[in-house]
Amino acid sequence: MTLEKIKTAIEKYDMLCGGENLTVALSGGADSVCLLHALISLKDVYNIKLSAIHINHNLRGSEADRDEEFVRKFCENLNVPLMVKSVNVREIAEKSGQSIELAARNVRYNEFINCGADIVATAHTASDNTETVLFNMLRGAGLKGLCGIPAKRDIYIRPLILCTRKDVENYISENKLSYVTDSSNLSDDYSRNLLRHRAVPVLKELNPSVENTITSMCQGLKEDLDFLETSAKKIGEKCICKDGINIKELNNQHIAVVKRVLSAYFYETTGKIPDGLHIARMTETLFSGTKKSLPLGLYCAVENNIFYIEKEGNKPTKTYETTVTVKEIDKINNLLLKNIIDCDTIVGELKIRTRLEGDSIRLKGRNCTKSLKKLFSELKIPKEERDVIPVAADSEGIVWIYGIGVSKRNAVNDKTKTVAEFKTTVLGEDKNVKQ
């Protein structure tokens, strides 16, 4: 029965093509002993070359050494090549600041990657999957977490993923196999053990086939997840640009797709996977435009229909000093047109300042009025410099913007006799430039 379930899993999830060098992650526990023994029976069926790898984490003293010795003898009796790695996980955890569990997991998978195998088989079962799904559910995981342990991912396969712990025990008994027991698995000090020893037995009273039921549920959820991620990828390719996300392209998209596009953009921008809280903050910003803080010293905001992520406290790379000179002219110098205005058009007091919320200008030579916010965005002015660029304003509004030009109402003409000329020195970046 167990062997048939293993074959079903291998074929259902396309775990093997044939001819691979396959290494079994062998702890010496019942699950991994069952897996290695079963794959020996199937190696000719799938034309695979078998070996095993054992990681001694040096966490349980003499018990860890006992496990290593058992594994060595077990592989020797089965004529299976074995690689043993001894690692001081506690020391690694202390140096890295990781938990013991996370450090041990990282060590294992690092050794698996470097063991030289085409495929690495781990002994995760349907019972492990049930515990994982329950644990993820209690943590408030999303759809991905509720899909449980993947049957196949990268170089890793889980041939026991359709087998329950009871199936493994039956196989061990039928084949008279020995194995070792990790004493930490017997304690309720760990959340997963608490689920295994207390929660799962109660669920089995309600549904004796709970592991199979959850396995089927995971398969259905995985199909839904694949559809959503494929859809989000297509939408993301349309709306993610170098400046951020064009939110017009997200109009009418389902919220499930929107959140995945935001998550993909966050990962693309930071190299980190966002958690549920930060996806919620990005979603709120997308729809409300309200700036929200994110991890890693970042924030998200929306400007001119572009959602973007940026580092908090970005300082401008430049600062400016602007002076105004009033003078009479006989002839207009075309080279100065972007930096002179007709004094007779100034209403009230002329001030040099930086932009304020709501500032707008109708530039000379253009037939529309635009906000400075939109204008700076269109001109690709770096966000960190937009709030320090000097502008001139009178009582009617903006009359001049450094580097861009003057308003239509203040532009000089053939009748202009007196002008106000703006001269700006750009400071910073180890250079001063007058314009």
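The values are calculated or read from the model by the stated rules, or taken from the named source; none is laboratory data. The model shown is predicted, which means the values in this text are computed figures rather than measured ones. Note that we place each Cβ from the backbone using ideal geometry, even for glycine, and neighbour counts take in every protein chain shown.
Observations
- Some residue of the range 204-212 being crowded, with 16+ Cβ neighbours inside 10 Å and either touching a residue at least 60 places away in the same chain (Cβ under 8 Å) or charged (D, E, K, R) (or both): yes
- Members of the range 193-236 that are over 24 Å from Tyr13 (Cβ atoms) and aromatic (Phe, Trp, Tyr): none
- Only residues that are closer than 21 Å to Pro382 by Cβ, hydroxyl-bearing (Ser, Thr, Tyr) and in contact with a Lys or Arg (Cβ under 9 Å, 6 or more places away or on another chain) were counted in the range 314-353, giving 1.
- Filter result (assigned to a helix (DSSP H, G or I) and loosely packed, with under 15 Cβ neighbours inside 10 Å) within the range 271-308: Gly276, Leu277, Ala280, Glu284, Phe287, Ser288
- Every residue from the range 231-259 that is part of a helix (DSSP H, G or I) and in contact with a strand residue (DSSP E or B) (Cβ under 6 Å, 6 or more places away or on another chain): Cys239, Ile247
- Test result for Ile247, among the β-branched types (Val, Ile, Thr), touching a residue at least 60 places away in the same chain (Cβ under 8 Å) and not assigned by TED's automatic domain parsing to the domain that holds Tyr13: yes
- Residue count, the range 48-67 (criterion: surrounded by fewer than 20 Cβ atoms within 10 Å (Cβ to Cβ) and either over 38 Å from the mean Cα position of the chain (by Cα) or among the acidic types (Asp, Glu) (or both)): 4
- Sole exception among (1) under 29 Å from Asn58 (Cα atoms); (2) surrounded by fewer than 13 Cβ atoms within 10 Å (Cβ to Cβ); (3) more than 22 Å from the chain's Cα centre (by Cα) for Asp154, by number: (3)
- In summary, strands (runs of 3 or more DSSP E) completely within the range 47-149 and bearing 3 or more residues that are touching a Leu at 6+ places or on another chain (Cβ under 8 Å) occur at 49-56, 119-121.
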